[in-house]
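Worksheet: one structure, shown below.
The values are calculated or read from the model by the stated rules, or taken from the named source; none is laboratory data. What you see is a predicted model; the values in this text were computed from it and never measured. Using ideal geometry, Cβ is built from the backbone for each residue, glycine included, and neighbour counts are taken over all protein chains shown.
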Amino acid sequence: MHQHKLLQILSKMPIPEVKRFKKHFKQEYPNRDVEQGILSQLVKYHPNFGQDKKEQETQFQKIFPPNFDGKRRSKELGKLSDHLESYLLLQKLKESEYEKGFLLLDIYKGYGLEDLFLGKLKDLNKSLAEEKSRDHWYWAKKTALEHKDYFSSYANPYNIGAAPIYKALESLDQYHAASILIYACEIYNRKNILSEELQTLPDLAPIIEAAIASDSFYHQSYALLLQLSMHGKEEVYFSVKKKVLDNLDKFPSNDQHDLINGILNYIAKKVREGDQKFLEEHFQLLPTCISQEIFITDGNFNPLQFINIVDTASKLKKYQWVEDFIAEWQSFLKPELKEDVLGIARCIELFARKKYKPVDQFLYTFRTKVLMLEFQARCLAIQTNFELEEFTLVEKQLDSFKAFIHRREEFQPTRKESVLNFIRFVRQLMKAEPNKTKLLKDLNTPKPILQKIWLQEKVQALK
């Protein structure tokens, strides 16, 4: 257990900082009771997380619930590790100048430059004393203690010139620029998907401008993705897609995932807005996403991505491709989800083929505990019965769908709004004489509307 990355990081953090992370996690994720419980126990054992096997087993029993096997322990620790890294990145951005100072001390130490090291440490201590920040003061003192014995009569300082230091400073600036770009992309992504309020960010314009003007494909890619997330311009989409795909093999795997997912999020947004050409954009990206295992986590295919892939290919009438995809990748679905996911995926394909009766028969008895699968099934049932002209049943399903979306707190406001707009449009379509001109005008607004492409087809078919 003490070898896990999360525990390695926690053991190096002072207890006040660990407690601040615990408080931050509770505020950000108030409903994550299991993870909060595990984190509370980890804080209790900080910083010595089991020094021998027997002690580890005792702590295991106290930290993890009885039904947690080794795989689930690792999974929960992995999720907490991701949250901790995001938290630390946020702290770095808030304290970037001090963080840069501490990193410079390491560079000076690495080159054996005692005078520069001591001078920088003196400057840091002076600025920290003026700010009267106990947290910063703690880190400065900790850094001084870690290095105080390094420069001694036994040390063998390197005889180097100024050039390596300038190179190191340049690398440090690049590191901080990349950190800000990546973090800002994450913040805007959460705003666009979850409708979260933006956190305070530094002035991004000069950072983006410098990154795009640089010769670093890494910085250029994240700067373009950030521009796309902020402004949503199509020309930027094509620029970032080309930059990322041209250099995809040069990125570490985690950056491949983040950049491709950023591009996919924009595509999904355009599809939700009813822009049908982005269905083809999505389909063209799929071979790259699948070959790079963008949708695979811990050996399991993301179930919602699986369904989205089938949905896109089916709408483009790529039926044989859908069959081949399902046959090749269904074994990567989690066993407990496989039957439900495949059932919904098959229904989506059959619906696209206009085979409505078997879809209706399957959904009539379909039950699932997975929220998003139930969401998919309810929406698809309404569309299917509309196509079958079972309008009395559609009315009841619309009422049920509305109650369902209001009852579930997990859905973000934008998602709820899109469902309510969908319900309103379906009811308008079922009127004796629907107003085609008004419906088309309403559909052409940027308001979120579920299944906008399908609604466009139904409205266009009106006389």
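Can you name every residue in segment 308-332 that is surrounded by fewer than 20 Cβ atoms within 10 Å (Cβ to Cβ) and either among the hydrophobic types (A, V, I, L, M, F, W, C) or outside any helix (DSSP H, G or I) (or both)? Result: Leu316, Lys317, Lys318, Trp321, Phe325, Ile326, Ala327, Trp329, Phe332.
Looking at Ala461, is it within 27 Å of Ala345 (Cβ to Cβ), small (Gly, Ala, Ser) and modelled with pLDDT under 95? Yes. Of the numbered criteria (1) surrounded by fewer than 20 Cβ atoms within 10 Å (Cβ to Cβ); (2) at pLDDT 95 or above; (3) assigned to a helix (DSSP H, G or I), the one Ala268 fails is (2). Contact map, segment 316-334: residues that are within 15 Å of Arg346 (Cβ to Cβ) paired with residues that are among the hydroxyl-bearing types (Ser, Thr, Tyr), Cβ distance under 7 Å, separation 6+ or inter-chain. Pairs shown: Val322/Ser314. Being under 22 Å from Lys315 (Cβ atoms) and among the hydrophobic types (A, V, I, L, M, F, W, C) is the filter here; which residues of segment 353-378 pass it? Correct list: Val359, Phe362, Leu363, Phe366, Met372, Leu373, Phe375, Ala377. The residues listed here are Lys23, Lys19, Lys44; of these, the one that is in the same structural domain as Leu84 (by TED's automatic domain parsing), part of a helix (DSSP H, G or I), at pLDDT 75 or above and more than 23 Å from Ile187 (Cβ to Cβ) is Lys19. Among the numbered criteria (1) in a helix (DSSP H, G or I); (2) under 19 Å from the mean Cα position of the chain (by Cα); (3) of a type outside the set (Phe, Trp, Tyr); (4) modelled with pLDDT under 95, which one does Val240 miss? Val240 satisfies all of (1) in a helix (DSSP H, G or I); (2) under 19 Å from the mean Cα position of the chain (by Cα); (3) of a type outside the set (Phe, Trp, Tyr); (4) modelled with pLDDT under 95 except (4). Taken over segment 329-350, the criterion of being over 21 Å from Lys318 (Cβ atoms) and in contact with a Pro (Cβ under 9 Å, 6 or more places away or on another chain) is satisfied by Lys334, Leu337, Lys338, Asp340.
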